[in-house]
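Below: the structure, in structure tokens.
The values are calculated or read from the model by the stated rules, or taken from the named source; none is laboratory data. Just so it is clear, the structure is predicted and the values come from calculations on it, not from any experiment. We place every Cβ from the backbone using ideal geometry, glycine too, and count neighbours over all the protein chains shown.
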Amino acid sequence: MNYTNKMLRDNALKGKTIVITGGGSGLGKSMTNYFLELGANVAISSRNLEKLQSTAEELEKETGGKCLPVQCDVRNYEEVEQMLKQVLDEFGEVDILLNNAAGNFISPTERLSANAFDTIIDIVLKGSKNCTLAFGKHWIDKKVENKSILNIVTTYAWTGSAYVVPSATAKAGVLAMTRSLAVEWAKYGIRNNAIAPGPFPTKGAWDRLLPGDLKDKFDLAKKVPLKRVGDHQELANLAAYLVSDFAAYVNGEVITIDGGEWLKGAGQFNLLEAIPEEMWDQLEMMIKNKKRG
Ligand code: COA
């Protein structure tokens, strides 16, 4: 099966300018790479300018595209406005905002300081809000249309999850914002969608979320009905589709890409998977006999 193949046709994003927060590494970098290959101009932002510069240089060389590194802490609205200005100065207009920057750590909630909780809420929820508001205001003021916002959330945005409570709380807010603005800003030609990825290993997040030998103790692939983790290209394919004109009628949607992981945890009888095939004859007989008696 060729799930690592690239999905869209050449130049599918030609003429588009995309801003990806947290685009310097991990999944943000993989999406940036694919958007550049598809002909888009891409601005990547994060707090670490050096990392952004080296990513931009590497990806420009690899793809021949134009990648602009912009330093910005999304928690600060003025810095977000500055980032937008820098992108407009360089590319003239911007078409797509991808709220990808995130922060997360595992911890029992009662061990967190108020500042620790705020730090995650500020990066994930306030950061996505800051970018969405600045870009949305700009697009609405300029009366430009065919714009799109894509938010990276997570499957526990709707189930919640123990031990990552600030992240779950913030992502739930981002999902609510996605669905609310999908309706409110449709009249301005701005689509709002989200992707909820399951396990897609990245060095940064993985080392932080599963430090030491936790990675070996909790083999995340085992939690997935399809028995594997995701490949970055699969996520990049979905993101490219959602921001492209091919998805012009997709608005207010959250697409889960997790191999069925969250549903496996949710279904009441899913644990019956542990029953070996040969035991089902026995069980069926027991159940039928019970009915007869
Ligand atoms: N457990 C408990 N508290 C923690 C913590 C952990 N693992 N890591 C940080 N904190 C607390 C700090 O102690 C501090 O609180 P305090 O001032 O009361 O002591 C607060 O969180 C802020 O920490 P700081 O390191 O100053 O924040 P930062 O803004 O520099 O870092 C993080 C933000 C914590 C999210 C950092 O991990 C980061 O930048 N991560 C990169 C992005 C990321 O996590 N990606 C994965 C996405 S899934």
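From Ala196, Ala205, Ala186, which residue is small (Gly, Ala, Ser), touching a residue at least 12 places away in the same chain (Cβ under 8 Å) and surrounded by fewer than 16 Cβ atoms within 10 Å (Cβ to Cβ)? Result: Ala186 is the single residue among Ala196, Ala205, Ala186 that is small (Gly, Ala, Ser), touching a residue at least 12 places away in the same chain (Cβ under 8 Å) and surrounded by fewer than 16 Cβ atoms within 10 Å (Cβ to Cβ). Whenever a residue of the stretch 94-111 is farther than 15 Å from Ile123 by Cβ, its partners that are aromatic (Phe, Trp, Tyr) and assigned to a loop (DSSP other than H, G, I, E, B), lying with C-beta atoms within less than 8 angstrom and at least six residues away or across chains, give the pairs Ile106/Tyr163; Ser107/Tyr163; Pro108/Tyr163; Thr109/Tyr163. Given the condition closer than 26 Å to Lys137 by Cβ, in a loop (DSSP other than H, G, I, E, B), modelled with pLDDT of 95 or more and within 16 Å of the ligand (Cβ to nearest atom), answer yes or no: does some residue in the stretch 52-64 qualify? No: zero hits. When Glu81 is tested against (1) touching a helix residue (DSSP H, G or I) at 6+ places or on another chain (Cβ under 9 Å); (2) in a helix (DSSP H, G or I); (3) within 16 Å of the ligand (Cβ to nearest atom), exactly one condition is not met: (3).
From the set of residues in the stretch 96-122 that are assigned to a loop (DSSP other than H, G, I, E, B) and closer than 22 Å to His138 by Cα, which is nearest to the ligand (Cβ to nearest atom)? By that ranking, first place goes to Ala101.
One line per residue, one yes/no per condition, for (1) in contact with a Lys or Arg (Cβ under 8 Å, 6 or more places away or on another chain); (2) buried (at least 16 other Cβ atoms within 10 Å of the Cβ):
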residue: Ser25; (1), (2): yes, yes
residue: Asn41; (1), (2): yes, yes
residue: Glu60; (1), (2): yes, no
residue: Leu68; (1), (2): no, yes
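When you look at Val87, is it more than 18 Å from Leu181 (Cβ to Cβ), away from the ligand (no atom under 11 Å from the Cβ) and in contact (Cβ under 8 Å) with a residue 24 or more places away in the chain, yes or no? Judged against the criteria, Val87 is a match. What do you reckon, is Gly260 over 22 Å from Ser148 (Cβ atoms) and under 20 Å from the mean Cα position of the chain (by Cα)? It is true that Gly260 is over 22 Å from Ser148 (Cβ atoms) and under 20 Å from the mean Cα position of the chain (by Cα). With a requirement of 3 or more residues that are within 12 Å of the ligand (Cβ to nearest atom) and at pLDDT below 95, the helices (runs of 4 or more DSSP H) lying completely within the stretch 123-236 that satisfy it span 203-209. Collect the residues in the stretch 263-293 that are more than 30 Å from the chain's Cα centre (by Cα), within 15 Å of Pro225 (Cβ to Cβ) and surrounded by fewer than 10 Cβ atoms within 10 Å (Cβ to Cβ), keeping them in residue-number order. Ala274 - this is the single residue of the stretch 263-293 that is more than 30 Å from the chain's Cα centre (by Cα), within 15 Å of Pro225 (Cβ to Cβ) and surrounded by fewer than 10 Cβ atoms within 10 Å (Cβ to Cβ). For Asn48, the requirement of being within 16 Å of the ligand (Cβ to nearest atom) and either out of contact with any helix residue (DSSP H, G or I) (no Cβ under 7 Å at 6 or more places or on another chain) or at pLDDT below 95 (or both) is met.
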